[in-house]
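The values are calculated or read from the model by the stated rules, or taken from the named source; none is laboratory data. Since the model is a prediction, treat every value here as computed from it, not as a measurement. Cβ: placed from backbone, ideal geometry, glycine included. Neighbour counts: every protein chain shown.
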Amino acid sequence: MRSAKKALTPAPEVEAAEAARLGARIRELRQAQQMTLEELAERSGVSRAMISKVERGTNNPTLVVAVKIANGLGVGLTNLLSRPQPRQARLHLPRAQQPTFRDEENGFVRHVLSPTFTERGLEFTRHELPARATTGVLPASAPGARKYMAVERGTLHVVLPDERIVLAPGDAYYFEPDMTHEFINAGNGACVYYLVSASASRG
């Protein structure tokens, strides 16, 4: 169930700029680890050709592909969108400065609402999933990771290998994502939900 995008689609020049920034950041992280395209492909499960296209900014990855690449690099998805910064006691994060990931294929949008500090801990994100759309099956996180979620609008299906949970507006759910998982909006309107993700022992 990969739904077509609806309104509020960014202009083509915005999408191109986002793809270029994402690709450059992935290349930067890969080269910092002295990792070849072939090595990243093996670690992530994403083909060398696809990674090359993403790094050149000629292909905007889907959410699933982006998460797999991040896992292969040993970082979180947010680290592909922005560079971590030293911790501050106070930080205002205007909407325009929030790292944002858009899946061009299905219209999914992810906004990072928490600061991207050097040491990883809790991450607060807002997700918008269009009607009749799915995130796709997301890979398992490292053991010890935890996710706390709440639905603001719409109905969200959380699909795990052994269970399917349906969340209505106002519902909350906790799970440990050390298994594949998928989020599905089976409704006719957009679904908005929030996630607080706690990383495993790796910062």
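In summary, strands (runs of 3 or more DSSP E) completely within the stretch 116-171 and bearing 1 or more residues that are free of Cβ contacts under 8 Å to residues at least 12 places away in the same chain and out of contact with any Pro (no Cβ under 6 Å at 6 or more places or on another chain) occur at 163-167. Residues in the stretch 59-73: is at least one over 18 Å from Ala140 (Cβ atoms) and either touching a Ser or Thr at 6+ places or on another chain (Cβ under 8 Å) or of a type in the set (Asp, Glu) (or both)? Scanning the stretch 59-73 turns up no residue that is over 18 Å from Ala140 (Cβ atoms) and either touching a Ser or Thr at 6+ places or on another chain (Cβ under 8 Å) or of a type in the set (Asp, Glu) (or both).
So that you can scan it fast, the table gives a plain yes or no per residue for (1) modelled with pLDDT under 95; (2) out of contact with any Lys or Arg (no Cβ under 8 Å at 6 or more places or on another chain); (3) surrounded by fewer than 19 Cβ atoms within 10 Å (Cβ to Cβ):
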| site | (1), (2), (3) |
| --- | --- |
| Ser52 | no, yes, yes |
| Glu55 | no, no, no |
| Asn60 | yes, no, no |
| Leu63 | no, no, no |
| Gly74 | yes, no, yes |
| Thr78 | yes, yes, no |
| Ala89 | yes, yes, yes |
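Looking only at the stretch 168-185, which residues are surrounded by 14 or more Cβ atoms within 10 Å (Cβ to Cβ) and more than 20 Å from the chain's Cα centre (by Cα)? Matches in the stretch 168-185: Pro169, Asp171. Restricted to the stretch 91-115, and to residues there that are touching a Phe, Trp or Tyr at 6+ places or on another chain (Cβ under 6 Å) and in a loop (DSSP other than H, G, I, E, B), the residue that is surrounded by the fewest Cβ atoms within 10 Å (Cβ to Cβ) is Leu113.
Only a single item in (1) β-branched (Val, Ile, Thr); (2) within 21 Å of Leu195 (Cα to Cα); (3) assigned to a loop (DSSP other than H, G, I, E, B) is not met by Ile69, and it is number (3). Within the stretch 17-34, residues that are closer than 14 Å to Ile69 by Cα have Cβ atoms under 7 Å from residues that are part of a helix (DSSP H, G or I) and among the charged types (D, E, K, R) in these pairs: Gly23/Glu55; Gly23/Arg56; Ile26/Glu55; Arg27/Glu55, counting only partners at least 6 apart in sequence or on another chain.
Scanning the stretch 156-165 turns up one or more residues that are among the aliphatic types (A, V, I, L, M), under 29 Å from Glu119 (Cβ atoms) and surrounded by 18 or more Cβ atoms within 10 Å (Cβ to Cβ).
For the stretch 68-123, the set of residues classified as under 14 Å from the mean Cα position of the chain (by Cα), closer than 23 Å to Tyr148 by Cβ and among the acidic types (Asp, Glu) consists of Asp103, Glu123, listed by residue number.
Within the stretch 117-128, none of the residues are assigned by TED's automatic domain parsing to the domain that holds Gly107 and over 26 Å from Asn79 (Cβ atoms).
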